[in-house]
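Here the structure is laid out as C-alpha cells; the discussion comes afterwards.
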Amino acid sequence: MDTQNLIHMANRIATFFAAMPAHEDAVDGVVTHLRKFWEPRMRLALKQAVAAGEAEGLHPLVREAVGRGI
C-alpha cells in the first residue's frame, strides 16, 4: 500500500473537516469517515506508518484520529 497516497487522501479528508467550528467535531468527523469508508488494511497501513514515524506531512487532525484508534 502506498503510504504517501494514504497520507494524501487522509489529509484531504482532514482539510474538509477542519472547517468545522469545534475542534472535537472535526476530529470525530475524520475518525468516523476513516472507519466508515476506508477498508481495514488502509487504516492499518496508516496506523503503522504513524507508529514507524513514516507519516511526515500528515494533518494534525488525522494524527489525532489515529491516536483514537481508527
Completion exercise
Counted residues in region 12-37 being touching a residue at least 12 places away in the same chain (Cβ under 8 Å) and under 16 Å from MET1 (Cβ atoms) come to 1
Exercise for the section: Test each condition in (1) touching a Gly at 6+ places or on another chain (Cβ under 8 Å); (2) closer than 16 Å to MET1 by Cα for GLU54 and report the one that comes out false. Expected result: (1)
Problem - Only listed residue being surrounded by 18 or more Cβ atoms within 10 Å (Cβ to Cβ) and in a loop (DSSP other than H, G, I, E, B), chosen from ALA65, ALA55, ALA19, ALA26 - result: ALA55
Exercise for the section: Tell me, yes or no, whether region 31-48 has at least one residue that is touching an Asp or Glu at 6+ places or on another chain (Cβ under 7 Å) and either part of a helix (DSSP H, G or I) or surrounded by 12 or more Cβ atoms within 10 Å (Cβ to Cβ) (or both). Expected result: no
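Since every read-out is calculated from the coordinates, none of them should be taken as a lab result. Given the structure is predicted, the values throughout are model-derived calculations rather than measurements. Reconstructed Cβ throughout: ideal geometry from the backbone, glycine too, with neighbour counts over all protein chains shown.
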